[in-house]
Amino acid sequence: MNELIAKIKELNEALLIDAAAQAEKGNKAAGTRARKASLELEKVLKEFRKVSLEESKK
């Protein structure tokens, strides 16, 4: 579970940095990276939800 939390933090930071670069500087490559990070973050969050539900049932 701790590994998932660390991965969520890492992806979230990457997403925020790239999204800000796109919004503030118009950096198109950063926008692409932000979108990619958002898809990866979605997958990790779904996995976190599964693990969290299993943990709560114990």
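When the residues of segment 21-43 are narrowed to those that are among the small types (Gly, Ala, Ser) and within 27 Å of ASN2 (Cα to Cα), which ends up farthest from the chain's Cα centre (by Cα)? Spell out how you get there, then give the answer.
Taking segment 21-43 first, the residues among the small types (Gly, Ala, Ser) are 21, 23, 26, 29-31, 34, 37-38.
Filter again for within 27 Å of ASN2 (Cα to Cα), leaving 34, 37-38.
Details: ALA34: 9, ALA37: 6, SER38: 5 Å.
Ranking the candidates gives ALA34 first.
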Looking only at segment 11-43, and only at residues there that are of a type in the set (S, T, N, Q) and part of a helix (DSSP H, G or I), the one that is surrounded by the most Cβ atoms within 10 Å (Cβ to Cβ): GLN22
Failed item in (1) part of a helix (DSSP H, G or I); (2) more than 17 Å from the chain's Cα centre (by Cα); (3) of a type outside the set (A, V, I, L, M), with LYS46 passing the rest: (2)
First in segment 36-58 and of a type in the set (Gly, Ala, Ser), second anywhere and assigned to a helix (DSSP H, G or I), Cβ under 6 Å, 6 or more apart: ALA37/LEU11; ALA37/ALA14; ALA37/LEU15; SER38/LEU15
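Just so you know, all these numbers are worked out from the coordinates, no wet-lab data involved. As the structure is a computational prediction, the values presented were derived from the model and not from experiment. Don't worry about glycine lacking a Cβ; one is built from the backbone with ideal geometry, like all the others, and counts go over all protein chains shown.
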